[in-house]
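Notes follow the structure.
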Amino acid sequence: MDKILVIKHGALGDVVLATGPFAAIRNHHPDAHITLLTTPAYACMLKESGYFNDIWIDTRPKIYNIFAFLGLIQKIRRGHFSRIYDLQTSERTGWYFSLLNTPKPEWVGIAKGASHPHDTETRTFMHTVERQKEQLAVAGIAELPKPNLDWLTADISRFNAPKPYALIAAGGSSHRPGKRWPASHYGIVCAWLSKNGVTPLLIGTKAEESVLTTIEALCPEAINLLGKTNFNEIAELARGALCAIGNDTGPIHLIATTGCPSLVLFSQFSDPALCAPRGSNVTIMSKPRLAELLPETVIEQVTKFLHQVR
């Protein structure tokens, strides 16, 4: 039996976009024992996908943490993999390849010396999905399914979410504030939604507490689900949502992939041509400075979503 290793660490949006390659690799190696090497945040979620026989955790030890780092390399060596798909294509995974014993397993990625190198000069200018499609084609995988999360389900009855509702993903990386649309703008849109009979559901983690609190102050009718939702529940809520509005952040990728009508807001700090969410109903709005994107402009697009279902 062939033994295959797939490497994908994160982040959430990238993991969601990698579900197409995950399926393609499984389809290409239907009888192989496929192991995923990923980070703790995504292990439970991806275990449910059915694409992998085993999931290993990579804590991504620093290279100077020699015992932990070489311990991981030794584990990969002992896996006796015939092929490794490096979907992370990072400097770290390049080190993994360089430290494997010779003869090395087949390596699909950008590491120097890879058996199946994706070395096109345009790869860094391609959207993640098209880049992965080209990378897998080098290894003989011609068909790449779209990102899919049909297997990510949950019982959401405990939320008792009043329909119709809209999901609001107003957070994002705290170290990249330029990617966030102002909370006050979200508050105005949420108040408009509530006035028009749509309940805003606010999702986020502890890091977004101040953002969600600001929105709540402007729209008391909103339901604050801060810290109350996992990946499965967000996906299930998305399937029942009228629409979703969010910044360029992981949860909006998850939401968009379910088919939920999704409005995604981009600033100059990320390029939708390279990393926009993929789904059947995704609209992108972009301004160099997101504060310059007016709530009224967003409301115009949300109105179109409402007309789709009314």
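The values are calculated or read from the model by the stated rules, or taken from the named source; none is laboratory data. The structure displayed is predicted, hence computed values, not measured ones. Here Cβ is always computed from backbone atoms with ideal geometry, including for glycine, and neighbour counts include all displayed protein chains.
Can you tell me which residue in the range 77-86 is nearest to the chain's Cα centre (by Cα), limited to those that are touching a residue at least 12 places away in the same chain (Cβ under 8 Å) and more than 14 Å from Ile55 (Cβ to Cβ)?
Ranking the candidates gives Asp86 first.
When the range 20-53 is examined, which residues are found to be in contact (Cβ under 8 Å) with a residue 60 or more places away in the chain and of a type in the set (D, E, K, R)?
Of everything in the range 20-53, just one residue is in contact (Cβ under 8 Å) with a residue 60 or more places away in the chain and of a type in the set (D, E, K, R), namely Glu48.
Return the total of residues in the range 176-218 being free of Cβ contacts under 8 Å to residues at least 40 places away in the same chain and surrounded by fewer than 22 Cβ atoms within 10 Å (Cβ to Cβ).
Of the residues in the range 176-218, 18 are free of Cβ contacts under 8 Å to residues at least 40 places away in the same chain and surrounded by fewer than 22 Cβ atoms within 10 Å (Cβ to Cβ).
When only residues in the range 276-294 that are in contact with a strand residue (DSSP E or B) (Cβ under 7 Å, 6 or more places away or on another chain) and of a type in the set (A, V, I, L, M) count, which is farthest from Ile188 (Cα to Cα)? Talk me through it step by step, then tell me what you get.
In the first step, residues of the range 276-294 are kept if they are in contact with a strand residue (DSSP E or B) (Cβ under 7 Å, 6 or more places away or on another chain); the result is 276-277, 279, 281-286, 290, 293.
Filter once more, keeping what is of a type in the set (A, V, I, L, M): 276, 282, 284-285, 290, 293.
Numbers: Ala276: 25, Val282: 22, Ile284: 19, Met285: 17, Leu290: 15, Leu293: 13 Å.
Once the filter is applied, the top-ranked residue is Ala276.
Hey, can you tell me all the residues within the range 244-263 that are in contact with a Ser or Thr (Cβ under 7 Å, 6 or more places away or on another chain) and of a type in the set (A, V, I, L, M, F, W, C)?
Of everything in the range 244-263, those that are in contact with a Ser or Thr (Cβ under 7 Å, 6 or more places away or on another chain) and of a type in the set (A, V, I, L, M, F, W, C) turn out to be Ala244, Ile252, Ile255, Ala256, Leu263.
Which of the residues that make up the range 172-189 are of a type outside the set (D, E, K, R) and in contact with a Ser or Thr (Cβ under 9 Å, 6 or more places away or on another chain)? Don't jump to the end; show me each part of the working.
So in the range 172-189, the residues of a type outside the set (D, E, K, R) come out as 172-175, 177-178, 181-189.
Within the range 172-189, Gly172, Ser173, Gly178, Trp181, Pro182, Ala183, Ser184, Tyr186, Gly187 qualify.
I need every pair where a residue in the range 153-164 that is surrounded by 12 or more Cβ atoms within 10 Å (Cβ to Cβ) has its Cβ under 6 Å from the Cβ of a residue that is modelled with pLDDT of 95 or more and assigned to a loop (DSSP other than H, G, I, E, B), sequence separation at least 6 or different chains.
From the range 153-164, the pairs are Pro164/Val198; Pro164/Leu242.
Is it true that some residue in the range 169-176 is outside the structural domain of Ile25 (by TED's automatic domain parsing) and over 21 Å from Val15 (Cα atoms)? If you could, list the steps in order and put the result at the bottom.
Quick first cut of the range 169-176, residues outside the structural domain of Ile25 (by TED's automatic domain parsing) only: 169-176.
Cutting the leftovers down to over 21 Å from Val15 (Cα atoms) gives us none.
Checked against the condition, which is being outside the structural domain of Ile25 (by TED's automatic domain parsing) and over 21 Å from Val15 (Cα atoms), the range 169-176 yields no hits at all.
Take the conditions surrounded by fewer than 18 Cβ atoms within 10 Å (Cβ to Cβ), over 25 Å from the mean Cα position of the chain (by Cα) and hydroxyl-bearing (Ser, Thr, Tyr) and apply them to Ser173. Does it pass?
Working: surrounded by fewer than 18 Cβ atoms within 10 Å (Cβ to Cβ): yes; over 25 Å from the mean Cα position of the chain (by Cα): no; hydroxyl-bearing (Ser, Thr, Tyr): yes.
For Ser173, the condition - surrounded by fewer than 18 Cβ atoms within 10 Å (Cβ to Cβ), over 25 Å from the mean Cα position of the chain (by Cα) and hydroxyl-bearing (Ser, Thr, Tyr) - is not met.
I'd like to verify a number: residues in the range 1-40 that are under 16 Å from Pro105 (Cα atoms) and of a type in the set (Ser, Thr, Tyr), how many?
Counting residues in the range 1-40 that are under 16 Å from Pro105 (Cα atoms) and of a type in the set (Ser, Thr, Tyr) gives 1.
Given (1) small (Gly, Ala, Ser); (2) in contact with a helix residue (DSSP H, G or I) (Cβ under 8 Å, 6 or more places away or on another chain); (3) free of Cβ contacts under 8 Å to residues at least 60 places away in the same chain, identify the lone condition not met by Ala68.
(2)
Checking Gln301 against (1) out of contact with any strand residue (DSSP E or B) (no Cβ under 8 Å at 6 or more places or on another chain); (2) more than 26 Å from Phe159 (Cα to Cα), which single condition isn't satisfied?
(1)
Return a yes/no flag: does the range 267-277 have any residue that is touching a Pro at 6+ places or on another chain (Cβ under 7 Å), aromatic (Phe, Trp, Tyr) and more than 19 Å from Leu201 (Cβ to Cβ). Working first, answer last.
First, pick out the residues of the range 267-277 that are touching a Pro at 6+ places or on another chain (Cβ under 7 Å): 267-268.
Those left that are additionally aromatic (Phe, Trp, Tyr): none.
No, the conditions are met nowhere in the range 267-277.
For the range 14-39, what are the residues that are over 12 Å from Ser49 (Cβ atoms) and either among the aromatic types (Phe, Trp, Tyr) or touching an Asp or Glu at 6+ places or on another chain (Cβ under 8 Å) (or both)?
Result: Ala24, Asn27, His29, Asp31, Ala32, His33, Thr35, Leu37, Thr39.
If I filter the range 268-300 down to residues being crowded, with 23+ Cβ neighbours inside 10 Å and of a type in the set (Gly, Ala, Ser), which single residue comes out as nearest to the chain's Cα centre (by Cα)?
Ala276
Show me the helices (runs of 4 or more DSSP H) found entirely inside the range 26-126 where at least 3 residues are surrounded by fewer than 17 Cβ atoms within 10 Å (Cβ to Cβ) and among the charged types (D, E, K, R). Spell out the reasoning first.
Working: elements: 40-47, 66-78, 91-99.
Here the list reads 66-78.
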